[in-house]
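Notes follow the structure.
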Amino acid sequence: MSDIALLPSVSQFLGRDHGLYIDGGYVACSTTAKLKVINPANGEVIAQVSDAGQSDIDCAVNSANLGFKIWSKTSPAARAAVLFKLADLLEQNREELAQIETCQSGKIIHIARAFEVDQAAHFLRYYAGWATKITGETITPSLPSFAGERYTAFTLREPVGVVVGIVPWNFSTMIAIWKLASALTTGCSIIIKPSEFTPLTILRIAELASEAGLPPGALNVLTGSGLVGKALIEHPGTDKVSFTGSVPTGIAVGKGAMDAKLTRATLELGGKNSVGFLRDIDLDKAADGIIEAGFLHSGQICAAAERFFAHRSQIEPIMEKLSQRLASLKIGSPLDEATQFGPVTNKQHQQKLAGFFETARSENSTIVYGGKLIEGPGCYVEPTIILANSINDTLLNEETFGPIATFFPYDTEEELLHLMNNTPYGLSASLWTNDLSKALRLVPEIQAGTVWVNMHTMLDPAVPFGGIKSSGIGREFGSAFIDDYTELKSVMIRY
Ligand code: NAD
C-alpha cells in the first residue's frame, strides 16, 4: 500500500499564510513571529502559523466579550441549531479535516477520520442537545412570616462568560470540540489556544463554525506558544479557563488562574493509568485488551494505560502474547491506510521517550519487546513492553505518554489494589475479569475518575470524564460539565 493522495483543498489550506481567527474571520497577526508546523511522519515543515502578541490577545478578548453579549442572549434552541449545523459541516468536510490532522499530528488516517472527525461530530451533537435542557430549581424558603407574607425562590444557570480553552496536541480536534461545545451550548463565548505543535485543524473548524451561523466573536482562535495561553488566563476580560494538558502545566495554569482574579478553572490533566488483570482472565483477551488500553495512537491518549498488573503466574504468558501482537503491527506512514502504528507527534516527545528507555535500562528493568527509536526522519518509536524491577521504577511512576506498557506482578488481590492506587494520579483504570460480581466489589476501591471493566480508553459524551487526585479538577461530558460553565444565581421573592 502507499499514501493516499492529499485533497487539493488540504494542500491549499496548508500553503496559506495563516492569520489569527478573530471576530468571524482571519486577521493578520501583530507580530511577525511564526511557528513551524512539522509533519512528524517525515520531519517536513507543512505550514507556518502566527504567534499571537499582546495586542492580538487584547483584540480577541474584546471580540469574545462582544460575541458573548450576542451569543448569551441567543435562544437555547437557536444555539443548538448552530452546533448541529457545525456537526453536519464537520462530517461534510470529513476527509479534508482528517488529512490536515494526520499531516500535523502523525495520527493514522483511520483514527483521524473515526475519532477526530466522526466522534467530534457525535460529541458536538450530544452537547448541542443540552442547550435547551439547562435548568435551575424552585425552592420554598422557610423565612418567618409576620404579616402573612410568603416567599419563593428559584435558581438560574447563567453562562460564566468568556472561556479560554487550552488544548494539547494529542487530540487537537476532538478536545477543542469538547471545549467549544461546552462553552457554546451554555451560552459562553470561547477563545481556543491550540497546541503549538497541532494548531491547524481548529483554524479550519473556526471557518466552518462561521459558516454554521456562529456570530462573530463567539469563537476566536489564537495560535501561539504557552505564553499566549497564560496571558489569556490572566487577562481581565476572561472569566474561565478550561485546560487540558500535562500535570506540571496544569498546576501552573491553576495557580495563575487563582492568582489573577479567581478565574474559574477546569483542569483535565495527565495520569499514570492502571490495568488490573484478575486471575480468571483469558490470556488472549488480556493481550487484546492491552493493545486497546496502551497502544492506540501510539499511547498518546490521556486515558491510556501505562501500568499493567497481572498475577505472577500469568505475567510471562501475557507479555509473550502481547509481544506476538506487537510484532504483527504494521508500522508506517500515517497516510497509508494499511498502517496500524504511526509516529509520535513531535521530535521533543520522541526524545523524551528515548530518555525513558535509557532510564528503564539504568534501573535494571527488563525490556521485553522494543525499547528503541526507529531510525529515519520521522518521529517513530518502537512499541515497547517493559517488566519493572521494583515498584519504585520510574517507568511505573512517571507518565510516558507513549507506546510503552510497563508490567509488574501481584500475588493477592489486596496487593493488586495497592499497586493500582499507589500513584499521585487518578484519571482512569480498568479491571479485566469474567467475575462481574467481584469486579463491582473492587470498583469502589479503585482511585480513578473513570473505572472500566473489560474495556479501556473509550469515552462517551453521556458519561462524565475527569480526574481525581493530581489528574485534575472538574468533569467534562454528561450533565456534569454544566456546573463548570455556568454560575448559579439565586433569586428570592417576597409576595
Ligand atoms: P502541555 O501541558 O505541554 O500543553 C498543553 C497546552 O498548554 C498547550 O496548548 C500549551 O501551549 C499550553 N501551555 C503551555 N504552558 C502554558 C501556560 N503556562 N499557561 C497556559 N497554557 C500553557 O501538554 P501537551 O504536551 O500538549 O499534552 C500532553 C499532556 O496532556 C499529557 O500529560 C496528557 O496526559 C495530557 N492530556 C490530558 C487529557 C485529559 O482529558 N485529562 C487529555 C489529553 C491530554
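We did not get these values from a lab; they are worked out from the coordinates using the rules stated. Predicted model only: the values in this text are computed from it and were never measured. Cβ placement follows ideal geometry from the backbone for every residue including glycine, while neighbour counts extend to all protein chains displayed.
For the range 273-376, how many pairs of lysine residues have a Cα-Cα distance under 26 Å, where the two are 8 or more positions apart or belong to different chains?
9
Using every Cα-Cα pair within the range 419-488, state what percent have a distance larger than 18 Å.
Value for the range 419-488: 45 percent of Cα pairs lie more than 18 Å apart.
Quick one: dipole size for the chain, taken about the Cα centre, charges +1 on Lys/Arg Cβ and -1 on Asp/Glu Cβ, in debye to the nearest 20.
Dipole magnitude for the chain comes out near 1180 debye.
Just want to confirm a number: the relative contact order over the range 230-298, from Cα pairs under 8 angstrom separated by 6+ residues, in percent.
Computed over the range 230-298, the figure is 29 percent.
So what's the angle, to the nearest 10 degrees on a 0 to 90 scale, between helix 94-105 and the longest Cα principal axis of the chain?
Here the helix axis deviates by roughly 60 degrees.
Determine the gain in length on full extension of the stretch residue 412-residue 66; use 0.36 nm per residue of separation and subtract their C-alpha separation, reporting nm with one decimal.
118.6 nm
Let me test this: with uniform point scatterers at the alpha carbons of the range 50-98, what is the Debye-based log₁₀ I(q)/I(0) at q = 0.14, 0.27, 0.30, 0.32 1/Å?
-0.61, -0.86, -0.94, -1.02
May I ask for the percentage of alpha-carbon pairs in the chain that lie more than 31 Å from each other?
Counting pairs separated by more than 31 Å, the tail of P(r) holds 46 percent.
For the chain, find the longest principal axis of its Cα atoms and tell me its angle to the long axis of helix 315-328, 0 to 90°, nearest 10.
80 degrees
Taking the square root of 5 times each eigenvalue of the Cα gyration tensor, what semi-axes in Å does the equivalent ellipsoid of the range 14-160 have, largest first?
Square roots of five times the eigenvalues give 44, 22, 13 Å.
Pick out, from 313, 410, 339, the residue whose Cα sits farthest towards the positive end of the charge dipole of the range 273-460, with +1 on the Cβ of Lys and Arg and -1 on the Cβ of Asp and Glu.
339
How long are the semi-axes of the equivalent ellipsoid of the range 336-404, defined as square roots of 5 times the Cα gyration tensor eigenvalues? Whole Å, largest first.
After scaling each eigenvalue by five and taking roots: 23, 12, 10 Å.
For each of 85, 352, 73, 255, count neighbouring Cβ atoms within 10 Å of the residue's Cβ, then give the residues from fewest to most.
73, 255, 352, 85
On each of the three principal axes of the Cα atoms of the range 273-460, give max minus min coordinate, whole Å, ordered largest first.
So the three principal-axis extents are 49, 37, 29 Å.
Going by alpha carbons, how many degrees (0 to 90, nearest 10) lie between the helix axis of 120-130 and the longest principal axis of the chain?
40 degrees
Could you please rank 150, 94, placing first whichever residue has the fewest other Cβ atoms within 10 Å of its Cβ?
The fewest-first ordering by Cβ neighbours comes to 150, 94.
Taking the highest mean first, how do the peptides 408-421, 456-469, 155-168 order by number of other beta carbon atoms within 10 angstrom per residue?
155-168, 456-469, 408-421
Any idea what the relative contact order of the chain is, in percent, if you count C-alpha pairs under 8 Å spaced at least 6 apart?
Here the relative contact order equals 18 percent.
Pairs 133/179; 73/107; 133/272; 69/255; 69/230; 85/133: which are spaced more than 30 Å apart, C-alpha to C-alpha?
Long pairs (Cα-Cα over 30 Å): 73/107; 133/272.
Please compute, for the alpha-carbon atoms of the range 317-362, the extent along each of the three principal axes and give them in descending order in Å.
35, 33, 9
I need the peptides 8-16, 264-272, 192-200 ranked by packing, meaning the mean over residues of other C-beta atoms within 10 angstrom, with the highest value on top.
With the highest mean Cβ count within 10 Å placed first, the list reads 192-200, 264-272, 8-16.
Please compute the alpha carbon radius of gyration of the range 201-320, then divide it by the globular-protein estimate 2.2 N^0.38 Å. Two decimals is fine.
Dividing the Cα radius of gyration by 2.2 N^0.38 Å gives 1.54.
Taking the Cα centre as origin and putting +1 on Lys and Arg beta-carbons and -1 on Asp and Glu beta-carbons, what dipole magnitude results for the range 273-460, to the nearest 20 debye?
260 debye
Subtract the Cα-Cα distance of residue 149 and residue 455 from 0.36 nm times their separation in residues, and report this length gain in nm to one decimal.
Separation in residues times 0.36 nm, less the Cα-Cα distance, equals 104.4 nm.
Only counting other Cβ atoms within 10 Å, I'd like 367, 100, 22 sorted with the fewest neighbours first.
Fewest-to-most ranking of 367, 100, 22: 367, 22, 100.
Considering the dipole of the chain built from charges on the beta carbon (Lys and Arg +1, Asp and Glu -1) around the Cα centre, which of 119, 465, 60 is farthest to its positive end?
60
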